[in-house]
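K.L.:
This is the structure, below, for whatever I ask next.
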Amino acid sequence: MTTLAPSPLGPVDGTLDHAARAAAERPLLGWAAHDARTMIGRSLRRSVREPDTLIMAVALPVVIMLLFVTVFGGEIDTGMAYVDFVVPGIILLCAGYGASTTAVAVASDVTGDIMSRFRSLPVRLSSVLTGHVVASLARNAVSTALVVGVAFLLGFRPSAGPGEWLLVVALLAAYVLALTWLAVCVGVVASSPEAASGFSFGIMFLPYVSSAFVRPETMPAALEWFARYQPVTPVTDTLRAALVGMPGGDALVAFAWCAGFFVVARALAGRLFRRRTV
C-alpha cells in the first residue's frame, strides 16, 4: 500500500473542500472564538519575535517624542508648552506607523504559502484578520503608554479628570480600530509586503498635514483648508481639549469620522479578503 507524502506546496486533491466543509459544519460561535483566539496568539507572538515590528511598537514612539519636543519644540509657537500641544499628534502618528506594520503583516500572509496551509485546516480564514486587528490594538496600547510616559518625563501635565481620560481612551480605540481595518484593506490588495509598506505611507503621513504638530492657520492656504477638514484634525483637537483643556474639538465629529471609516473599511476588507483567498 502506497502512502502519499504531504505536498510542500499546499493541500492535495480534496483537502480544501474537506477542510472548508469541516469548518462550515462546526458550531459557529464557539469555534469562531477558538479560531480567533488562536490567530490572536499567533499575531502577538509574531509581534514579539520580529525585531522590526518590536522596534516600531516600542522604540519609535520614544524617538519621535524626544525628537519633536527637544529638537523642534523650541522653534514652534503654539501659545502653550509644546509638549502639551504635541502629545495627541504623536499618539496618532504612532498609530499610523502601527497601521503600516499591520498592512505588511496581512500582505505577508495573503501573498505567502501560509494561506494554502490554513485552507487545508478546519479554520475560519476570517480569524486571520481578527488576529492581526487585535494584535494591532495591543501594539498601539503599548506605544501610547510609552508616548504618555515619556511625555510626563518631558513635562507633560494633563488636567484631564476621569471622564476626560475615559473619552481619550474611547476615541483612541475607535481611531486605531478604523485605521487598522483601513490598513488591512491595503494589505489584502497589495501584491507584496513591500508594496503594502509603500501604499500605507499615506496613512502614516496624514497627521503631518493636520493640527497635530502646528496650528493649521500657519500653513499655506491650500494646506490649511485640507488640514482643517481632514479626519485627523477633529480627533487631534478633541484629544487635546480633553487632555489639557485647550479650546476646540468636537467629540461627535471625531467619533463620526472613526465610525464611518470603520464601517466602510471593515466591510471592504472582508469582501476583498474573501475574493483574494478563494
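K.L.:
When the accessible area of the chain is computed with all protein chains present and a 1.4 Å probe, what percentage of it is carbon and sulfur?
P.N.:
That share works out to 68 percent.
K.L.:
Let me ask something else. Keeping all protein chains in position, work out how much accessible area V189 exposes to a 1.4 Å probe, and write it in Å² to the nearest 10.
P.N.:
80 Å²
K.L.:
What does the charge dipole of the chain about its Cα centre add up to, to the nearest 20 debye, if the Cβ of each Lys and Arg holds +1 and the Cβ of each Asp and Glu holds -1?
P.N.:
The calculated dipole for the chain is roughly 940 debye.
K.L.:
A further question follows. What residue among F68, C258, G149 has its Cα farthest toward the positive end of the dipole of the chain, where the charges are +1 on Lys, Arg and -1 on Asp, Glu, each on the Cβ?
P.N.:
Value computed over the given set: C258.
K.L.:
Considering only C-alpha atoms, what is the centroid distance from the stretch 81-119 to the stretch 148-193, in Å?
P.N.:
11 Å
K.L.:
Next question. Taking only Cα atoms, what is the 0 to 90° angle, nearest 10, from helix 15-25's long axis to the longest principal axis of the chain?
P.N.:
In the chain, helix 15-25 runs at an angle near 70 degrees to the longest axis.
K.L.:
Rank V235, V263 by accessible area, highest first, at a 1.4 Å probe radius?
P.N.:
Accessible-area ranking of V235, V263, largest first: V263, V235.
K.L.:
If I ignore ligands, DNA and RNA and count only protein heavy atoms, how much of L206 is accessible to a 1.4 Å probe, in Å² to the nearest 10?
P.N.:
For L206, solvent-accessible area is about 60 Å².
K.L.:
Still on this structure: How far is it, in nm, from the label point at V58 to the one at Y208 when both lie 7 Å from their Cα along the line to the Cβ?
P.N.:
So the two model labels end up 2.7 nm from each other.
K.L.:
If you add up the charges near E50, with Lys and Arg at +1 and Asp and Glu at -1, over every other residue whose beta carbon is less than 14 angstrom from its beta carbon, what do you get?
P.N.:
Once all neighbours under 14 Å are counted, the net charge is +3.
K.L.:
Here's a follow-up. Which FRET efficiency value, to the nearest 0.05, is calculated for R271 and L166 with the Förster distance at 30 angstrom and r the Cβ-Cβ distance?
P.N.:
Given R0 = 30 Å and the Cβ-Cβ separation, E is 0.35.
K.L.:
Which whole-Hz ³J(HN,Hα) couplings does the stretch 63-75 yield from phi under the Karplus relation 6.51 cos²θ - 1.76 cosθ + 1.60, θ = phi - 60°, glycine and proline marked x?
P.N.:
Once rounded to whole Hz, the list reads 4, 5, 4, 5, 4, 5, 7, 8, 9, 8, x, x, 9.
K.L.:
Here's something else I'd like to know. Return the FRET efficiency for the residue pair R117, A259: r is the Cβ-Cβ distance, R0 is 35 Å, and the value is rounded to the nearest 0.05.
P.N.:
Once rounded, the FRET efficiency stands at 0.50.
K.L.:
May I pose another question? Where Lys and Arg each count +1 and Asp and Glu each count -1, what net charge lies around E217 among other residues with Cβ under 14 Å from its Cβ?
P.N.:
Result for the local shell: -1.
K.L.:
Let me ask something else about it. If each of L252 and S159 carries a label point 7 Å out from its Cα toward its Cβ, how far apart are those two points in nm?
P.N.:
2.5 nm
K.L.:
Report ³J(HN,Hα) in whole Hz for each residue of the stretch 94-103, in order, from the Karplus equation J = 6.51 cos²θ - 1.76 cosθ + 1.60 where θ = phi - 60°; Gly and Pro get x.
P.N.:
5, 4, x, 5, x, 5, 4, 4, 5, 4
K.L.:
Please give the per residue accessible area of the chain, computed with a probe of 1.4 Å over protein heavy atoms only, in Å².
P.N.:
Result: 50 Å² of accessible area for each residue.
K.L.:
Compute the angle between helix 126-153 and the longest alpha-carbon principal axis of the chain, please, reported from 0 to 90 degrees and rounded to the nearest 10.
P.N.:
Helix 126-153 and the main axis of the chain meet at about 30 degrees.
K.L.:
For the stretch 144-189, rounded, prolate or oblate, judged on the Cα gyration tensor with a ≥ b ≥ c (square roots of eigenvalues), a/c < 1.5 rounded, else prolate if a/b > b/c?
P.N.:
It comes out oblate by the Cα gyration axes.
K.L.:
With each run of n ≥ 4 DSSP H residues scored as -39500 (n - 2.57), what mean residue ellipticity at 222 nm is computed for the chain after dividing by its residue count and rounding to the nearest 500 deg cm²/dmol?
P.N.:
-24500 deg cm²/dmol
K.L.:
Ignoring ligands, DNA and RNA, how do Y208, Y229 rank by accessible area with a 1.4 Å probe, largest first?
P.N.:
Descending accessible area places them as Y229, Y208.
K.L.:
Also, I was wondering about something else. For A33, project a label point 7 Å along Cα to C-beta. Then give me every residue of the stretch 89-132 with its amide nitrogen under 14 Å of that point.
P.N.:
From the stretch 89-132, the list is empty.
The values are calculated or read from the model by the stated rules, or taken from the named source; none is laboratory data. Bear in mind that the values here come from a model prediction, so they are computed numbers and not experimental data. Quick reminder, even Gly has a Cβ in these numbers, built from the backbone with ideal geometry, and neighbours come from all protein chains shown. With ligands, DNA and RNA removed, areas are computed over all heavy atoms of the protein, side chains included. Shrake-Rupley method; radii C 1.70, N 1.55, O 1.52, S 1.80 Å.
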